[in-house]
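Since the structure comes first, as structure tokens, the remarks are kept for the end.
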Amino acid sequence: MNEFSKTEQDYLKAIYHLQEKTADLVNITDIATELKVSAPSATEMIKRLAKKNLVDHKKYYGVFLKPEGYQEARFILKSHRVWETFLVEMAGYQLHEVHAEAENLEHASSRKLIERLHALMKFPTSDPHGSEIPAECFWHGKLVRLDLSEAMVAERYEIVSLSAGVERFLQKLALRKPKFITLLEVLADRSVIVKTDADVRFVVPHFQKKDWQLKCYKNMIDKAV
Ligand SMILES: [Zn+2]
């Protein structure tokens with residue numbers, strides 16, 4: 001199902017967390033402590049991950065994630081948090097019950113499954129513990145480029161570019177340029193209400209819609225995929 005083993009994923013996750021905490025290269029001893037394994041077996045595993053181009057090990061300085069390892073760690077994080085959200089929101093679990101389930105499910109889930117669940121729940125940005133769910137999409141169907149006049153209600157879009165006029169418009173509203181928007185409603189005059197991932201809502205006037213260049217992945221819409 002996944003190209004990496006559970007152990008490999010746990011290592012990547014541990015290195016990711018330690019890297020976040022220390023903002024530096026990570027000691028093998030710290031990895032071993034975090035995963036409750038011996039230092040020699042952690043060293044052995046780091047060698048394996050380095051061979052797969054997932055981490056780099058700088059002698060005397062420590063370990064850091066390479067792009068592919070970093071992405072896989074972020075995916076596991078997303079998988080864990082999407083499952084915790086799903087279990088509470090959709091399956092009636094109590095908050096204290098979800099972590100143990102998610103620890104297993106995070107490794108057993110394909111990228112497609114996690115992205116579908118995330119879409120099914122309308123792209124929540126945080127899990128029930130309040131931790132951020134990574135916003136990046138790890139499974140891509142067909143890429144579609146469009147502007148805001150072609151966008152669909154309840155879909156979330158990544159912003160590719162905005163015209164200079166729109167950038168000025170946002171500045172005047174004291175809004176930071178969003179990375180993603182969700183179309184909430186089309187008004188009678190064809191203006192639209194959108195929201196950012198931070199739940200800031202605003203109106204985009206109908207004459208400005210073509211100036212919002214967007215992209216999305218068709219897998220989120222197309223039920224037949
Ligand atoms: Zn958890």
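See the values below:
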item	result
Å² of accessible area per residue within segment 143-220, as computed with a 1.4 Å probe and no ligands counted	56
Accessible area of segment 6-65 divided out per residue, in Å², using a probe of 1.4 angstrom	60
Distance between segment 1-30 and segment 54-129 - C-alpha centres, whole angstrom	13
Backbone HN-Hα couplings from phi across segment 182-194 [Karplus 6.51/-1.76/1.60, Hz, Gly and Pro as x]	10, 7, 9, 7, 9, 8, 4, 8, 6, 5, 10, 9, 10
Distance violations [Cα-Cα > 28 Å] among Lys142/Lys172; Lys21/Lys51; Lys179/Lys209; Lys59/Lys179; Lys66/Lys210; Lys6/Lys59	Lys142/Lys172; Lys59/Lys179; Lys66/Lys210
For the chain: relative contact order, % (alpha-carbon pairs under 8 angstrom, 6 or more apart)	16
222 nm mean residue ellipticity, helices alone, for the chain (DSSP H n ≥ 4; -39,500 (n - 2.57); rounded to 500)	-13000 deg cm²/dmol
Contact order relative to length of segment 143-220, as percent, for alpha carbon pairs under 8 angstrom and 6 or more apart	45
Whole-percent carbon and sulfur share, accessible surface of segment 62-154, 1.4 Å	53
Per-selection Rg to Rh, segment 132-225 - Cα, Kirkwood hydrodynamic radius	0.96
Counted charge near Val160, where neighbours are those whose Cβ lies closer than 11 Å (Asp, Glu -1; Lys, Arg +1)	+1
Backbone HN-Hα couplings from phi across segment 139-155 [Karplus 6.51/-1.76/1.60, Hz, Gly and Pro as x]	9, 10, x, 8, 6, 10, 10, 7, 10, 5, 6, 9, 6, 10, 4, 6, 8
Interchain or long-range residues, amide H under 5 Å from Lys66's placed H	Val55, Asp56
Sequence of Tyr93, Tyr157 when ordered by accessible area, the most exposed leading, probe 1.4 angstrom	Tyr93, Tyr157
Arg190/Ala154 FRET efficiency (R0 25 Å; Cβ-Cβ; nearest 0.05)	0.90
Cβ-defined net charge surrounding Asp30, 13 Å radius [Lys, Arg +1; Asp, Glu -1]	-1
Cα gyration tensor, segment 6-65 - rounded (a/c under 1.5), prolate or oblate	rounded
Highest-MSF residue in the chain out of Lys58, Lys66, Lys179 [GNM, Cα springs under 10 Å]	Lys58
Amide H contacts under 5 Å for Asp147, placed H, 5+ residues apart	Leu214
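The values are calculated or read from the model by the stated rules, or taken from the named source; none is laboratory data. Because the structure is predicted, anything quoted here is derived from the model rather than measured. Don't worry about glycine lacking a Cβ; one is built from the backbone with ideal geometry, like all the others, and counts go over all protein chains shown. The accessibility values were calculated without ligands, DNA or RNA, using every heavy atom of the protein model including side chains. Shrake-Rupley method; radii C 1.70, N 1.55, O 1.52, S 1.80 Å.
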